[in-house]
Amino acid sequence: TLIEKDNTMVTMVRAFWYLLCLFAEIFASAAAEEGIQHVLVAIAMEAEAVPFVEHLGLEKDDSLFESHLPFLAYTGTHKDAKVTVVTNGKDAVYDTGVDNVGTVPAALATYLALHKLKDSVDLLINAGTSGGFRRKGAAIGDVFLTTAVSNHDRRIAIPGFDSYGVGLLENSSSDTILSPESLASQLGFKTGIVSTGNSLDKTQECEKNMLANDASVKDMEAAAIAWSCALLQKPFLGVKVVTDIVDGDFPSQEEFLANLSTAAKSLQEALPRVLDAVIGKS
């Protein structure tokens, strides 16, 4: 009868969806067992990225970003895992031709890359240079793995907005084998909070806020990148090499320029070690 045919069809549809969901769970479980198989590395400046890109033999990928955008992407493999590097590219809006540094391009490049790559990315690493604090034991060339991010120049003295301005985000992998503390102990690196602001130098207010943030290192992108990761629920890890001492005796810009090349080479050495430690882990 027509009713019996309808019931049979309903049963078949239900069985189909049950099997589809079952296979999805099986594939998801298999992927989870494989651990981290695709790492997205966000690096602001070309000079910071090039040694690492060349070391891994990554190739330029023009398909990740739309052609009118300044952002650049490079892809390849390391230890049978996929590695994608994105940089902020060069400024064309203000006609300076310098690297797009700071929170706005960093947040946008990260979000667009994660959105395009969707579920394939297992971990985002923000790698780059930073200022370090002598009071927290930082020295030129030190590698820090970040335990949290915060902002020091978003000063909004209104209840609720003040906490938003600081924007503290703890590392999402603090209780796993991917925790910064565990990795740092394994690799001989240091750990600490990174505080982000859009200026290379600092004001007295910035200094006060960085102290309140308990910052070990200072940069111009990490908090923005971590924010984009939080929106898309992707784990974040910062890898920062110290180029200048924020509470030291020399102007930050002079130390930064003097140590940028050395720091980039240090990053080239540190990042593959971090990749080796996280690939396949979960």
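Stokes-Einstein D for region 37-94 at 4 °C, 1.567 mPa s, Kirkwood Rh over Cα pairs, in µm²/s?
110
Expressed as a whole percent, the accessible surface of the chain that belongs to carbon and sulfur atoms is 57, based on a 1.4 Å probe.
The phi torsions of region 143-156, fed into the Karplus equation with coefficients 6.51, -1.76 and 1.60 and a -60° offset, translate into couplings of 9, 10, 9, 7, 9, 6, 10, 7, 10, 10, 10, 9, 8, 10 Hz, rounded to whole numbers, with Gly and Pro shown as x. Looking at region 143-212 alone, DSSP beta bridges between its own residues are antiparallel in about 20 percent of cases. What whole-number distance in Å separates the alpha-carbon centres of region 202-228 and region 66-85? Answer, in whole Å: 28. Checked against a 31 Å cut-off, the cross-linked pairs 116/190; 82/202; 79/234; 202/281; 60/202; 240/281 give Cα-Cα distances beyond that limit for 116/190; 82/202; 202/281; 60/202.
Given points 7 Å out from each Cα along the Cα-Cβ axis, report the residue 185 to residue 253 separation in nanometres with one decimal. Going from the residue 185 label point to the residue 253 one covers 4.3 nm. Of all beta bridges that DSSP places with both ends in the chain, some 35 percent have antiparallel geometry. Let me cross-check residue 90: its accessible surface, 1.4 Å probe, with only protein heavy atoms counted, in Å² to the nearest 10? Per-residue accessible area (residue 90): approximately 80 Å². Remark: spin-label model distance residue 205-residue 277 equals 3.7 nm, labels positioned 7 Å along the Cα→Cβ axis. Heavy-atom accessible surface of residue 190, to the nearest 10 Å², is about 80 Å², with a 1.4 Å probe and all protein chains retained. How much of the calculated P(r) for region 152-230 lies past 18 Å, in percent of all Cα pairs? Looking at region 152-230, the distances longer than 18 Å represent 47 percent of pairs. Helix 103-117 and the longest principal axis of the C-alpha atoms of the chain enclose an angle of approximately 20°. By the Stokes-Einstein formula, at 0.692 mPa s and 37 °C, region 72-220 with its Kirkwood radius over alpha-carbon pairs has D equal to 192 µm²/s.
A cut-off of 5 Å between modelled amide H atoms, ignoring neighbours fewer than 5 places along the same chain, links residue 138 with 133. Note on exposure: 241, 98 ranked by accessible area (1.4 Å probe, complete protein assembly) read 98, 241, with the most exposed listed first. Taking Cα atoms, how many degrees apart are the long axis of helix 46-56 and the longest axis of the chain, rounded to 10 and kept between 0 and 90? Tilt relative to the chain: about 50 degrees.
Mean residue ellipticity, 222 nm, helices only, the chain: the sum of -39500 (n - 2.57) across DSSP H runs of n ≥ 4, divided by residue count and rounded to 500, is -14000 deg cm²/dmol.
Here r is the Cβ-Cβ distance between residue 63 and residue 96 and R0 is 41 Å; the resulting FRET efficiency, rounded to 0.05, is 0.90. For the chain, averaging the sequence separation of C-alpha pairs within contact (under 8 Å, six or more residues apart) and dividing by the residue count gives a relative contact order of 25 percent.
The values are calculated or read from the model by the stated rules, or taken from the named source; none is laboratory data. As the structure is a prediction and not an experimental result, all values here were calculated from the model. Reconstructed Cβ throughout: ideal geometry from the backbone, glycine too, with neighbour counts over all protein chains shown. Each accessible area value is taken on the protein alone, full model and side chains, heavy atoms only, with ligands, DNA and RNA left out. Shrake-Rupley method; radii C 1.70, N 1.55, O 1.52, S 1.80 Å.
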